[in-house]
1. Among Asp146, Asp224, rank each residue by its count of other Cβ atoms within 10 Å, from fewest to most, as a rough exposure measure.
2. Could you work out the relative contact order of the chain, using alpha carbon pairs under 8 angstrom and six or more residues apart, expressed as a whole percent?
3. Measuring from label point to label point, each 7 Å out along Cα→Cβ, what is the Ser47 to Lys207 span in nm?
4. Counting each DSSP H run of 4 or more residues in the chain as -39500 (n - 2.57), what helix-only mean residue ellipticity at 222 nm follows after dividing by all residues, to the nearest 500 deg cm²/dmol?
5. Along the Cα→Cβ direction, 7 angstrom out, place labels at Asp161 and Asp57. What is the inter-label distance in nm?
6. What Rg and what Dmax come out for the range 2-82 when only alpha-carbon atoms are used, in angstroms?
7. Say a site is exposed when it is one of the GluC sites (Glu not before Pro), sits in a DSSP loop, and has at most 11 other Cβ atoms within 10 Å; what is then the longest site-free stretch of the chain?
8. How large is the charge dipole for the range 2-82, taken about the Cα centre, if only the Cβ atoms of Lys, Arg (+1) and Asp, Glu (-1) carry charge, to the nearest 20 debye?
Amino acid sequence: MAKYKLEYIWLDGYEPVPNLRGKTQVKDFDTFPTLAELPMWGFDGSSTRQAEGKSSDCLLKPVACYPDPTKTNGALVMCEVMMPDGSPHPSNSRATILDDSDAWFGFEQEYFLYQDGVPLGFPAGGGFPPPQGEYYTGVGYKNVGDLAREIVDTHLDLCLDAGINHEGINAEVAKGQWEFQIFGKGSRTAADQVWMARYLLLRLCEKYGVDVNWHCKPLGTEVDWNGSGMHSNFSTKYMREVGGKDYFEALMAAFDKYKNEHIAVYGPDNHMRLTGLHETQSIDKFNYGVANRGASVRVPHSFVNNGYKGYLEDRRPNSQGDPYKIASRILQTIATVPTP
Ligand code: ADP
Ligand code: MN
Ligand code: MN
Ligand code: MN
């Protein structure tokens with residue numbers, strides 16, 4: 001028997017963007033616990049905007065478990081929030097995702113590292129560093145400073161050691177802006193891992209006195225500094241194996257029809273980012289285009305070359321979006337399109 005530190009992690013009830021919360025319980029296990037061995041737990045929902053004070057208990061249901069590489073016998077336990085009667089809490093967006101073990105998602109999470117209220121590497125006393133140009137995938141102190149690289153490389157190692165399926169990282173267009181990509185098979189897998197990777201990044205940054213700014217346009221719209229997105233790449237078994245031009249066009253018609261429903265869950269303040277500039281389409285329009293980074297949905301060259309089979313990239317979701325809600329909406333829209 002050993003004492004395992006189980007860090008239960010969940011999304012709170014804040015709107016429009018939930019915060020990550022976590023607390024730890026210690027339990028005895030012979031070996032690293034399986035998901036089925038992890039007990040339900042509870043918390044005070046009146047402190048997280050998930051319940052009234054009078055009847056404040058909410059339940060935590062473990063749904064994914066990762067080893068915590070920073071601890072001996074530590075586990076990171078992703079949880080759904082449930083009502084006392086066992087039904088999903090209204091804030092539980094994960095519970096709305098259609099079951100589909102053959103749905104694949106790849107999320108490209110962009111974010112800014114912030115220190116003392118400005119992006120890492122911006123002059124402390126106000127003002128701006130040299131304009132955008134060399135920062136994207138850049139190297140050297142003048143481009144990335146002395147701290148960011150240590151943070152993003154450590155974060156990548158932590159995630160890989162936890163079994164999170166990172167596919168890569170890169171410095172982004174603005175100074176202090178970075179991206180990581182996570183891919184997963186199964187309708188909830190990548191979304192679980194994005195939330196866990198966000199948690200690990202926030203927790204790692206504590207010791208550097210650095211915060212993560214997930215806002216989609218943290219520097220505002222008046223200046224020529226990029227915003228942050230979370231491009232969402234998706235495919236179903238049908239899209240990968242059957243596809244075809246007719247099905248693709250029907251799918252895109254459905255995305256057009258439900259464009260407002262999609263934007264509603266693609267992250268707050270997206271009108272600041274989806275302007276038609278900086279490789280985006282306007283928030284009120286839907287379009288798609290082959291290799292078009294100014295489109296709502298980018299169709300990779302490979303998709304067309306393979307007879308309209310493969311994955312598509314929805315470029316509208318932003319960096320503060322909830323990947324559970326995004327995956328849920330995409331699968332809901334796909335489900336409206338009949339397959340022969
Ligand atoms: P870019 O920046 O050019 O848009 P990235 O390499 O950053 O491209 O991201 C592409 C994403 O597409 C990755 O997250 C990858 O995992 C994802 N992806 C690749 N193939 C599929 C697929 N069949 N279904 C869903 N997502 C996919
Ligand atoms: Mn990318
Ligand atoms: Mn990017
Ligand atoms: Mn992309």
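1. Asp146, Asp224
2. 16
3. 2.5
4. Taking each H run of at least 4 residues, the total per residue is -6500 deg cm²/dmol.
5. A separation of 3.7 nm, rounded to one decimal place.
6. That works out to 13.3, 41 Å for Rg and Dmax.
7. 53-221
8. That gives the range 2-82 a dipole magnitude of about 160 debye.
Bear in mind these aren't lab numbers, they're just calculated from the coordinates by the rules spelled out. All of these numbers come straight from a predicted model, not from anything done at the bench. For neighbour counting, all protein chains shown are included, and Cβ atoms are generated from backbone atoms with ideal geometry for every residue, glycine included.
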